[in-house]
Structure formats: C-alpha cells, structure tokens
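Chemist: A single structure is presented below for examination.
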Amino acid sequence: MVFSSKIAVLSALLGFCALGSSAVAAPRESTNEVVLAALPPGVELQVLNRYFFSQSNASGYHFSGWFLPDTWELQYNQEGVLGFVSKTSFPGSRPIYNCLISVPGKHPSPFTSTDANCEGYALNTLHGFTGYLSTTQIEGTVPLYRCRFVTGQPHHFDTHSPTCDGHPGTAMDGVLGYIFL
C-alpha cells in the first residue's frame, strides 16, 4: 500500500488537522525538509482517512472519510491518512461524496465519487459529503485516484498510487482530484 508515513507524522507534528490553517505541509522528495505551501483562499482543511474491512476475501471493503459512522467502528480499521480535503469550496475545487453499492447479504460497498447522484447508486446517509478537492494539481497536493477490483463484488478504494497499490485484479477509474498533503 502506498501511504506516505510522512503524511501522518506531519499531520501530528504540525497540527494541520486544525481547521482554518493557511498552509499545508509539502514534503520534498530529495530531503526530509518540510516546505509550507500556501493554500487557496477559502480552504478549511479536514483529514481524510482510509479504512479497511475484510470479509474473508482479499479485496475487502475500503472507506475514505474523516470519521467512521458509529455502526461501522467495530468493522473497519484505519489503514492510514490519505491527506486533507477542504470542508468548504474554494476556487478550482469540486466536491466528493461517499456512496454505497448494495451487495445482497453483505455489508454495502462504499466508494468515493465526484457525482452528487453517486453514479446511480445510493448516497451514504451517514457520511455523504466528504469534502472538496482541487481540480488541478497545485503545490502541496497529489492526485487522489479511485481504483476498483475488476472481479468479484464491486469494491473500490482511493489511493495516491496510479497502479492501485499494486493489487492484482484492479483497474484505475481515474483521478478524483488533488488532495492536500
């Protein structure tokens, strides 16, 4: 799985979970130096976590959100921090939503979408609106890809990896937007 441990460490050390911050940590690849990138006007940062729930299969269920609904807390484990979304719109942003695909006899399969109508599926009423992402890559952001498992039940997950974290049997659906690190 491709999660930069820098994200979680920077979040904790620099306190960027606080809303209304005017800068975001942008780690440089060549050094351990942290550079603060200016945020667009109107951005209010909110951490976006990735959670996982296994149902005795390799793909399991993934959920991206800033909190777990109460009824899901015993089923999902936090895998890591994807980065930060904005709780408010800003110039050059678009909203993302948490949606659910009904799976007969099983837990619904959550997925993230830029479509307010959830691509014809149901909006997750416990965590529907997820936040805003930049529509273009700006300093301090990376692409947030949506991937899916191509066989079996419909399972999606969000990642920084254009190769879907190297999971066999996956395909990348595209870039949801650009997430702040």
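Chemist: Hey, residue 86 hits all of (1) modelled with pLDDT under 95; (2) buried (at least 21 other Cβ atoms within 10 Å of the Cβ) but one; which does it fall short on?
Modeler: (1) is the only condition that residue 86 fails.
Chemist: Cβ contacts < 7 Å: first residue without any contact (Cβ under 8 Å) to a residue 60 or more places away in the chain, restricted to region 157-179; second residue open to solvent by less than 40 Å² (accessible area, probe 1.4 Å) and among the acidic types (Asp, Glu), any location; separation 6+ or different chain. Result?
Modeler: As it stands, the answer is none, since no pair meets every condition given.
Chemist: What is the number of the single condition among (1) among the small types (Gly, Ala, Ser); (2) in contact (Cβ under 8 Å) with a residue 12 or more places away in the chain; (3) farther than 15 Å from residue 48 by Cβ that residue 105 does not meet?
Modeler: Unmet condition: (2).
Chemist: List the number of the failed condition for residue 89; all other conditions in (1) in contact (Cβ under 8 Å) with a residue 12 or more places away in the chain; (2) in contact with a Leu (Cβ under 9 Å, 6 or more places away or on another chain) hold.
Modeler: Every condition holds for residue 89 apart from (2).
Chemist: Right, here's the next one. Among the residues of region 138-171, which ones are farther than 26 Å from residue 40 by Cβ and either among the hydrophobic types (A, V, I, L, M, F, W, C) or within 11 Å of the chain's Cα centre (by Cα) (or both)?
Modeler: 147, 149, 150, 157, 164, 171
Chemist: Please determine whether any residue of region 142-164 is more than 19 Å from residue 51 (Cβ to Cβ), among the hydrophobic types (A, V, I, L, M, F, W, C) and at pLDDT below 95.
Modeler: Among the residues of region 142-164, at least one is more than 19 Å from residue 51 (Cβ to Cβ), among the hydrophobic types (A, V, I, L, M, F, W, C) and at pLDDT below 95, which makes the answer yes.
Chemist: Give the residue that is modelled with the lowest pLDDT, with candidates limited to residues of region 33-43 that are surrounded by fewer than 18 Cβ atoms within 10 Å (Cβ to Cβ) and part of a loop (DSSP other than H, G, I, E, B). Show your work before the answer.
Modeler: Of all residues in region 33-43, those surrounded by fewer than 18 Cβ atoms within 10 Å (Cβ to Cβ) come to 33-38, 40-42.
In the following step, the residues that additionally are part of a loop (DSSP other than H, G, I, E, B) were identified as 33, 40-42.
Numbers: 33: 53, 40: 93, 41: 93, 42: 93.
Result: 33.
Chemist: Still on this model: In this structure, does residue 119 turn out to be closer than 22 Å to residue 38 by Cβ, charged (D, E, K, R) and open to solvent by 50 Å² or more (accessible area, probe 1.4 Å)?
Modeler: No.
Chemist: Separate question: Of all residues being of a type in the set (D, E, K, R) and at pLDDT below 80 in region 44-78, which is surrounded by the most Cβ atoms within 10 Å (Cβ to Cβ)? Just the residue, please.
Modeler: 73
The values are calculated or read from the model by the stated rules, or taken from the named source; none is laboratory data. What you see is a predicted model; the values in this text were computed from it and never measured. Cβ coordinates were reconstructed from backbone atoms using ideal geometry, including for glycine residues, and neighbour counts include every protein chain displayed. SASA here: full protein model, heavy atoms, side chains in, ligands and nucleic acids out. Shrake-Rupley method; radii C 1.70, N 1.55, O 1.52, S 1.80 Å.
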